[in-house]
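Below is one structure, written out as structure tokens, with a few remarks after it.
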Amino acid sequence: MKIAIMGAGAIAYASAALLIQNGHEARLWSPSGRRTAALAQGQPLRSEGVVAGEFKPTIAMDCAAALAGADAILIALPANGHKAVMDAMAPHFVSGQTVVISSHASLGAIYLARLIADRGLDVPVVALSTTVLRARQTSDTSVKIATLRGKVDMSTLPTEAAERGLDVCKALFGDRFRAISNVLAVALSNVNPQSHMALALCNFTRMEKAEAWGQSEHMTMAVGRLLEAIDAERLAIAGAFGVEVRTMREHYSLTYGLPDAALGETAKLLAASQEPTLGPATIDTRYTLEDVPFGLSPLVTLGRLCGVATPLHEAGLQIFSALYGRDLAAENDILPALMARQLTRETLIAMTR
């Protein structure tokens, strides 16, 4: 298959390496063009870790060229770039293509599905609960892939295209997907905002002082308790919308093949058995600047729509905004576009079908 990958960060590069290894053609598009300049000049993409080798993705110079002839499109860039890229892609879709969002944030799949419906096209939108890979970009031409996840939840809009969406994901990345019927469940299955909130908040000075700190090592028992308390709010929202999602403990257990245990205990096992995954060494990180406005803020909105209190999510929004000296919730550009459609609990549920 021919795959257009929208983005040029760690997940985009890692996905390109994996897709090429799996026999597909990968085409990268960087909205700015800066990161892919060396690759466009012929340098290979070097990958180490779970996927190792040198790969030759093609480089698109603009959005239209990226989508031209593509069988599937993978959105693999931070959530704060999703709306701009979705708006750029909308005029260039053709029926028969499939879009995969890795990973789904801020109800972006619903926003994109509305753009596609406005054109009357047959282009399903697949939302993944998290990235298929965990990776770190080491240069403009290299990436280190730490994990290829064993299980990833996914859902497709419209719902009648569910089988097609699942088939595309399996063809691209293998049999590692659990199809669930409601894209809202996928939105509520993305646990990065909660886990990153607990880790970043409790280790913020380490980030600001550029210290080298292992994430598992510093998810202490206290941090684990905070994370499970934040997770309880997410689970309550899911229940109020009538959707089932995994607990944070189940997520860690399935991702790493460990017993379902208190998160502090799970972190101890990870720290003892795996090479450390370092936390951010700067406060200019997606753990906060992406996951606060595009992860915590949507949960607060969903909580209000369904009448579930989210004091810890709201506290995270306020505390991180105070730490950065700016209103992080206001940086979400997808929610206002959806709220302009007079969003209620009932209209949101209808959009997920």
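The values are calculated or read from the model by the stated rules, or taken from the named source; none is laboratory data. No experiment lies behind these values; they were computed from the predicted model shown. We place every Cβ from the backbone using ideal geometry, glycine too, and count neighbours over all the protein chains shown. We work out accessible area using only protein heavy atoms, side chains counted, and drop any ligands, DNA or RNA first. Shrake-Rupley method; radii C 1.70, N 1.55, O 1.52, S 1.80 Å.
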Mean 1/r over distinct Cα pairs of region 1-160, inverted to a Kirkwood Rh in Å, yields 15.5
Semi-axes a, b, c in Å (a largest) for region 68-137, each sqrt of 5 times a Cα gyration tensor eigenvalue, come to 20, 13, 11
One quarter of the C-alpha convex hull surface, i.e. the mean projected area of region 176-285 in nm², amounts to 7.4
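Report the relative contact order of region 78-172, percent, no decimals, based on alpha-carbon pairs under 8 angstrom and at least 6 residues apart.
25
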For region 35-150, percent of DSSP beta bridges that are antiparallel (nearest 5) comes out at 45
Mean Cβ-within-10 Å packing, highest first, puts peptides 276-286, 90-100 in the order 90-100, 276-286
What the Cα atoms of region 269-330 span along the principal axes, largest first and in whole Å, is 42, 27, 15
Result for the chain: accessible area per residue, probe 1.4 angstrom, in square angstrom, of 40
Each label sits 7 Å from Cα toward the beta-carbon; between ASN22 and ARG225 the label points are separated, in nm, by 4.2
By the mean-Cβ-within-10 Å protection proxy, highest first, 203-215, 152-164, 290-302 rank as 290-302, 152-164, 203-215
Rg/Rh of region 213-353 (Cα atoms, Kirkwood Rh), to two decimals, equals 1.00
For the chain, the count of lysine pairs 8 or more apart or interchain whose alpha-carbon atoms are under 19 Å apart comes to 4
Carbon plus sulfur, as percent of the 1.4 Å-probe accessible area of region 287-337, comes to 56
For GLU163, placing the label point 7 angstrom along Cα-to-beta-carbon and taking region 318-353, residues whose amide nitrogen sits under 14 Å are none
In deg cm²/dmol, rounded to the nearest 500, the helical mean residue ellipticity at 222 nm of the chain, built from -39500 (n - 2.57) for every DSSP H run of length 4 or more, is -12500 deg cm²/dmol
Note on region 1-65, DSSP bridge orientation, antiparallel percent to nearest 5 equals 30
Of the accessible area of region 129-234, computed with a 1.4 Å probe and all protein chains kept, carbon and sulfur make up a percent value of 48
Projected convex hull area of region 301-353, Cα atoms, direction-averaged, in nm², equals 4.1
If the chain between THR347 and LYS170 were fully extended at 0.36 nm per residue, the gain over the current Cα-Cα distance would be 60.6 nm
Zone reached by a paramagnetic label modelled 7 Å from ARG326 Cα along Cα→Cβ, restricted to region 1-31 with backbone N below 20 Å, covers 31
Under a Gaussian network model of the chain whose springs join Cα atoms within less than 10 Å, the largest fluctuation of ALA68, ALA113, ALA238 belongs to ALA68
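Å³ per residue of the Cα convex hull, for the chain? Mind dumping the intermediate values first?
Numbers: hull volume 43.7 nm³, N = 353.
For the chain, the hull spanned by Cα atoms encloses 124 Å³ per residue.
So how do 239-249, 119-129, 171-181 stack up, highest first, on mean other-Cβ count within 10 Å?
Put in order of decreasing packing, that is 119-129, 239-249, 171-181.
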Rounded to the nearest 5, the percent of DSSP beta bridges in the chain running antiparallel is 35
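Considering all projection directions equally, how large on average is the shadow of the alpha-carbon convex hull of region 122-218, in square nanometres? Each step should come with its number before you reach the end.
Numbers: hull surface 33.1 nm².
For the Cα atoms of region 122-218, the hull's average projected area reads 8.3 nm².
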Cα convex hull volume per residue for region 234-305, in Å³, equals 111
